[in-house]
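The values are calculated or read from the model by the stated rules, or taken from the named source; none is laboratory data. What you see is a predicted model, and the numbers here were worked out from it, not measured in a lab. Note that each Cβ is placed from the backbone with ideal geometry, even for glycine, and that neighbours are counted across all protein chains shown.
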Amino acid sequence: MNGLILFLLAYFLLASYPGWRIWQWLRLLLPAWIGFLYWPLYTLAALSPLLERLPFGEAVSRFTGHLRNYWLGIFALFLVFITLIDLIRLIRGLISRHTGKRAEGSAKRQAILAGWLTCLMILTIGFYGSWQARQMHTVHYAMTIEKPADQTELKLILASDLHMGLEMDARRLQSFVQAVNQLEPDLILLAGDLFDGRFTDLAEPQDAARILSRLQSDYGVYACLGNHDSGPGLPDMLAFLQQAGIQVLQDESLDVAGVRLAGRLDRAPIAEQGKRRPLAEWLTDVPPGQPVILLDHSPLGLAEARGQPVDLIVSGHTHNGQIFPGNLIVAQIYENAYGYKVYDALHSVVTSGVGTWGPPWRLASQSEIVLLTVSFKSS
């Protein structure tokens with residue numbers, strides 16, 4: 001409880017700083033009575049991460065959820081730009097004091113210009129990030145597993161982090177399905193976070209299930225659960241996926257095309273999902289020499305997979321940071337934060353995912369599906 005109080009206190013202090021600086025800028029342009037509009041609106045936006053969790057009904061919850069997503073992005077950008085501007089002002093002031101020379105130009109005019117430039121930068125970044133998040137890329141990796149399967153080669157599609165809910169609408173879902181089907185895969189793997197946390201955020205779940213049911217492959221569509229695929233809505237999520245023809249593997253495995261396909265529960269779900277069991281407890285009946293492909297949402301499962309008969313582990317979760325400098329941060333947290341790496345005989349592929357979490361933007365990251373061409377040793 002103390003930790004939560006400290007977190008909320010820190011958050012509101014952070015939120016107050018750009019709020020006050022924006023208000024100071026608005027006072028240079030507008031009459032004081034604008035504050036009666038500005039402060040309630042700013043407070044509503046700042047409280048949106050908390051309000052969307054309260055039981056106000058679906059319509060209000062969806063509104064505050066959308067508001068939260070955009071607020072998180074805009075707030076972060078304002079915080080960065082305003083901090084930079086204030087640091088520049090501080091440095092200029094120190095230089096002026098040291099040299100005895102005052103900076104030329106009206107302080108008011110400079111403040112107004114800095115405010116407009118900040119707004120322009122944030123609008124530009126927001127529009128570009130939104131556009132970039134909607135561009136679907138295809139990444140191709142080829143690998144060889146030195147074990148035999150029913151076929152000498154399988155064409156797999158890996159996708160993750162659809163985050164179906166507030167921002168992943170039917171049009172984007174349809175584009176995803178079309179992009180996958182055009183590649184004519186043998187097998188489709190969905191590596192978790194198919195939902196954005198609350199099943200009720202799906203505006204038309206029946207339509208979304210119908211769209212996903214059009215995914216086409218020779219051997220089917222399989223998924224594991226991610227940290228957002230959890231909570232009270234989990235039974236509805238599982239029923240939805242079953243309706244869409246997607247088989248969810250929850251610490252279990254089965255044989256597909258001579259390959260053992262396994263899927264895990266998430267290591268750190270944000271709500272109730274079930275207890276994740278160690279691989280050694282359930283991945284025990286694999287015949288010697290059979291290839292094993294493991295779906296594990298978080299790349300943090302890589303270390304445990306090394307000690308098991310796993311040949312390929314596919315993951316998502318990181319979004320490759322989604323928004324700069326997030327890509328630099330996740331690279332320090334995960335052994336493989338993004339891309340294709342090989343550790344002795346273990347192949348690891350981590351995708352940046354299809355959808356977004358929080359701000360519906362991507363900066364220094366991309367929305368993607370992964371085409372994996374997996375060759376096997378001849379029998």
**Report entry** Of residues in region 340-363 being within 13 Å of Pro299 (Cβ to Cβ) and under 15 Å from the mean Cα position of the chain (by Cα), the one surrounded by the most Cβ atoms within 10 Å (Cβ to Cβ)
**Finding:** Gly353
Query - Residues located in region 302-333, provided they are in a loop (DSSP other than H, G, I, E, B) and within 15 Å of the chain's Cα centre (by Cα) - result: Gly316, His317, Thr318, Gln322, Phe324, Pro325
Query raised in the report: So which strands (runs of 3 or more DSSP E) are wholly in region 112-207 and hold at least 1 residues that are surrounded by fewer than 15 Cβ atoms within 10 Å (Cβ to Cβ) and assigned by TED's automatic domain parsing to the domain that holds Leu346?
Result: 136-145, 153-159
Report task. Return yes or no: is Arg276 crowded, with 21+ Cβ neighbours inside 10 Å, among the basic types (Lys, Arg) and either modelled with pLDDT of 95 or more or not assigned by TED's automatic domain parsing to the domain that holds Gln182 (or both)? Result -> no
Requested in this report: Output the number of residues of region 7-19 satisfying the condition of being surrounded by 10 or more Cβ atoms within 10 Å (Cβ to Cβ) and either farther than 15 Å from Leu50 by Cα or not assigned by TED's automatic domain parsing to the domain that holds Gly115 (or both).
Outcome: 5
Query - Contacts under 9 angstrom Cβ, first residue in region 223-236 being in contact (Cβ under 8 Å) with a residue 24 or more places away in the chain and over 17 Å from Pro205 (Cα atoms), partner surrounded by fewer than 22 Cβ atoms within 10 Å (Cβ to Cβ) and of a type in the set (Lys, Arg), 6 or more apart - result: Asn227/Arg267
Query raised in the report: Of the numbered conditions (1) surrounded by 21 or more Cβ atoms within 10 Å (Cβ to Cβ); (2) of a type outside the set (A, V, I, L, M); (3) over 16 Å from the mean Cα position of the chain (by Cα), Gly231 satisfies every one except a single condition; which is it?
Result: (1)
Query raised in the report: Is it true that Arg210 is assigned to a helix (DSSP H, G or I), modelled with pLDDT of 95 or more and of a type in the set (Lys, Arg)?
Result: yes
Query raised in the report: Quick one: what pairs do we get from region 50-68, first residue surrounded by 16 or more Cβ atoms within 10 Å (Cβ to Cβ) and modelled with pLDDT of 90 or more, second polar (S, T, N, Q) and in a helix (DSSP H, G or I), C-beta under 6 Å, 6+ apart or different chains?
Result: Thr64/Ser48; Leu67/Ser48; Arg68/Ser48
Requested in this report: Pairs only if they're at least six apart or on different chains, beta carbon under 6 angstrom, first in region 136-154 and among the charged types (D, E, K, R) and at pLDDT 95 or above, second surrounded by 12 or more Cβ atoms within 10 Å (Cβ to Cβ) and part of a strand (DSSP E or B); list them, first residue then second.
Outcome: Glu153/Ser375
Query raised in the report: Taking into account only those residues within region 265-301 that are of a type in the set (A, V, I, L, M, F, W, C) and in a loop (DSSP other than H, G, I, E, B), which is nearest to Met143 (Cα to Cα)?
Result: Val286
